[in-house]
Structures are given as C-alpha cells and as structure tokens.
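This report concerns only the one structure given below.
Just so you know, all these numbers are worked out from the coordinates, no wet-lab data involved. A quick note: this is a predicted structure, and the numbers were derived from the prediction, not measured. Counting neighbours? That spans all protein chains shown, and the Cβs are built from the backbone with ideal geometry, glycine included.
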Amino acid sequence: MFKTDDRVTQICLFLAGLIFMFYAGIMAFNTGFFIDRYPTFDNDATNRYFIVWFGLNNIMFLSGIYYMGYKGVNRGFFVFTVPAQVLTIVWIVMALMRSGGDNYTGLILVILSVVLLTVARFRMNEPFSYTKADTAWGTNDGVAKGALYGSLILQTVILVTYFFQPNGLMENNPNLEVTEQGSHFALGLTFLNVAVIIALLFQLRTGFNGALITMGLVWHVMFMSIVLVNIATAEGLDNGDPLLALAITLGFIFSATAFFRLQKQF
Amino acid sequence: MIKIEDNVSVVLLSIALVFNLMYAFMHIFDPFAVLFLEGISSSFNGEMTADLDAMVSNVGWFFMIFAIGILMTLIVPKEESAVFLRVLVVASFITSIRMIAYYMEGQLVDPAPMILSILGFIGFSVVLRRLGLNKGTTL
C-alpha cells in the first residue's frame, strides 16, 4: 500500500486517514452529535451549515490518502494538507481562546494528524526543493492550462473578497444569520482557501499534480451535487447564495476540465 | 487514471456519479429530505418522524454506495465492472418501473424522479452496450 514498504509511512498515513474519516463522518453526517460535544456551540442553521462544510472538506483530504494508497506517496498532497492542517490548528486555538476552551479533542487530533503527515513526508526520501517545470503547470495542453489558471484566479478572487466582506457567506444567504461563531467558521474556510492557493502555485511551478487535481475534483463534485440539491429542493435559484453557487459551478468546470484533460498522465 | 477508454461511457458514468451523489445528499440530510418529500409526494404531511428519517437516510446511503461503485468503475479495467454495470441496469430498470407506477397512481406529484430513473436506465444500458459487456457479446 502507498507503493512503499516503509511500515512507518504506511501506519502514519493510515492513522491520518482515520482522523480525516472520523471528522468527515461526524461533522458531515452526525452534525448534532458533534455540536453536543461543544457546550458553547449554538445548534443553529449557520453552525450546522459550516460544520457540514468542514466535514466534506475532510472527505477531500481522505480522498488524497486513498489516491496515494493506490498511486504511491505524493509530494503535492503534503504541500496542500500540511499547511491546511497547520492553519486549522491556529484556527482551533483562536476558537478555544474565544470560548474559554470547552473541548480539546479536535485540537489534539489535528496536531496528531500534522505530526503523522510530517513524519510520512520526511520518510519519503524526496527533496524539499521543488524544481521548476519546463512550462507553466508542466503541460502544453492549452485547455488544461486555462482551467488551472482559471482555478487560481477564482481562488484568489475568493480570498480577496473575504477581506472586503468577511461575513459574505452568511450575508448573501437568506437562510443564515451573521453570528460570532459563523464568522469564525468563515475565517476557517479562508485558511483552507490559502492552502488551496499554495497548492495551485506549487503546481504552477512544478507541474500539475494528480493527487491535488483529483482531490479538487472530489471536493467540487460533492459541492456541485449539493448545489443541484439546493436548486431542486428550493424550487428556484433565489433561495440560497447565488454567488457561492456560481463560484462552485465555475470551480467544478475548471476542476473537471483539468482532470479529464490530464488524467491519462497521472 | 481513468481506465475506460470509451469517452461517451466516461461522460455518462460521470453524470451518473454526480446525480447519485445529489440524490444521496438529498436523502441523507434532513432539511433537504423534508423539502424533497414535500416537493414530490402527495401523501407526505411534512412531519419527519424518526422511523421515516432513518429509512430515507438509508435510501440516501444506497445512492452514496452506488456513487462510490460508479467511481470505482471509472478507474478500473471495464472487465472488472461487468457485473456491477449489469446490476445498475437491472436496478435502474426496476426503479423506473416503480416510479412510473407511482406517477400513474398520483402518489408522485413531480415527474423528475421518474424521468431521471428512466434516463438512468437508458444511460447505464448504453454504457453496458458501448463497453461490450452486455450478455452474449464477446469481450
């Protein structure tokens, strides 16, 4: 498994995957139970909305572990997940400082996942210097390049937009309210946004990466499905956040284009 | 990464994957499930009891399992997916018949699930045929 005989790497990645799976399951599909673990959490629509979102993000991380299980350990995966998880630690510490510290399980498990991922990365025996590819994104396929540039621009626009409208995700959605906890969730998603931009810049320099493109597609397929569910159940397009739906749809198109144009080379 | 070489089949399976996920989320998450049942059913009274919730969630998880199966179908050689694709054709055929009957009885207010199940049956049949996996075809 992971195309390596190193037991330490295998165990580290298996345990990291287990943590991702645990949080994916509990946050996305048993949201009420998750909220009950945190006495200061309000069980409102805004918190449930963001907790499910964070759970689905963990499915994306898990898909990267599965990808490496079949295809072998991949440097790109760590370039994305390690910063993402380190930023998550910062985000959890900030949350605990606000709440006075009601549950440290998440903090401990995310720190553990960073340790496991870092050990696996060091055991790879691959350099930490990233050689520049011959061409941008490492491909001459103009359509795939366009899709990847599109993704980078889209993620940058989302990041910049956060600084102008930090509570935009709640303000633009008629079903949500702007709350202090909701604002903190929005900050957490911005941290993930930063990790995504790091991953895209890594690919711009060193060439496209199968694990990262696949993880991006997994995320976008899940969220595109949810956009379709919202359209189907809301009986129209005006009962949600049209800007978010547009961003997800554009991201899905870019991600799927890059994946299907490049997948033969993974 | 994708082992199936027929582009039409890849497109059809990818669409099926997204729609299976969509139906999975629609049934698994409570608020969506209530709105969905209110939208399609003439007999649903808007009250999601614990039993109904569990059963509807189970349906959602079956859609999720099928979505994972379709994903696996895309990334393995077609011969390994022959039985699964045949099951999909049979399952979508039975679902189509049931949905047509529900619609004709008037229990199903919205025809969308019926149309999608028929399209699913046609789509999976086309994939099975295009990949040369239908019974009697020499691989």
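Helix B:112-130 axis versus longest C-alpha principal axis of chain B: approximately 10°, rounded to the nearest ten.
Take each residue in A:100-107, count the other chain C-beta atoms within 10 Å of its C-beta, and the mean is 0. In chain A the longest region clear of trypsin sites (Lys or Arg not before Pro) that are loop-assigned by DSSP and have at most 13 other C-beta atoms within 10 Å covers A:133-266.
As a length-normalised measure over Cα pairs under 8 Å and 6 or more apart, the relative contact order of chain B settles at 33 percent. In this label model, residue B:7 and residue A:125 are separated by 4.2 nm, measuring between points 7 Å along each Cα→Cβ vector. Based on alpha carbons, the Rg and Dmax found for chain B are 16.3, 52 Å. With an a/c value of 1.5 or above and a/b not larger than b/c for the gyration tensor axes a ≥ b ≥ c computed over the alpha-carbon atoms, the protein assembly as shown is described as oblate. The helix-based estimate of mean residue ellipticity at 222 nm for chain A, built from -39,500 (n - 2.57) per DSSP H run of four or more residues and divided by its residue count, is -25000 deg cm²/dmol to the nearest 500.
By other beta-carbon atoms within 10 Å, ranking A:215, B:55, A:60 with the fewest at the front produces B:55, A:60, A:215. Its relative contact order, with pairs defined as Cα atoms under 8 Å and 6+ residues apart, puts region B:1-80 at 50 percent. Given their separation in residues at 0.36 nm each and the Cα-Cα distance between them, residue B:84 and residue B:50 gain 9.0 nm when the chain is fully extended. A Förster radius of 56 Å, combined with the Cβ-Cβ distance separating residue A:177 from residue B:98, puts the computed FRET efficiency at roughly 0.85. Within region A:171-266, the GluC sites (Glu not before Pro) that combine a DSSP coil assignment with at most 14 other C-beta atoms in a 10 angstrom radius are A:177, A:235. Helix B:30-40 and the longest principal axis of the Cα set of chain B meet at an angle near 90°. Exposure proxy shown here: for B:27, A:184, the number of other Cβ atoms within 10 Å sets the order, fewest to most, as A:184, B:27. Counting only other chain Cβ atoms within 10 Å of each residue's Cβ, the peptide B:69-77 averages 1. What shape does region A:108-176 take by its C-alpha gyration tensor, where a ≥ b ≥ c are the square roots of the eigenvalues and a/c under 1.5 counts as rounded, a/b above b/c as prolate, and the rest as oblate? Cα axes put region A:108-176 in the oblate bin. Relative to the longest principal axis of the Cα atoms of chain B, the long axis of helix B:50-75 makes an angle of roughly 20 degrees. Label-to-label distance for residue A:134 and residue A:246 is 4.0 nm, based on points extended 7 Å past Cα in the beta-carbon direction. Considering only alpha-carbon pairs that sit under 8 angstrom and 6 or more positions apart, the relative contact order computed for region B:77-139 is 41 percent. Pairs of Lys residues in the protein assembly as shown, spaced 8 or more positions apart or belonging to different chains, with C-alpha separations under 26 angstrom: 19 in total.
When restricted to Cα atoms, region A:123-266 yields an Rg and a Dmax of 17.0, 54 Å, respectively. In this simple spin-label approximation, residue A:18 and residue B:62 carry label points 7 Å from Cα along the Cα→Cβ vector, and these lie 3.3 nm apart. Exposure here means at most 13 other Cβ atoms within 10 Å; with GluC sites (Glu not before Pro) in a DSSP loop as sites, the longest stretch of chain B lacking them is B:48-139.
I need the shape label for region A:1-47. Rule: rounded when a/c is under 1.5, else prolate if a/b > b/c, else oblate, with a, b, c from the alpha carbon gyration tensor. Prolate, since a/c reaches 1.5 and a/b exceeds b/c.
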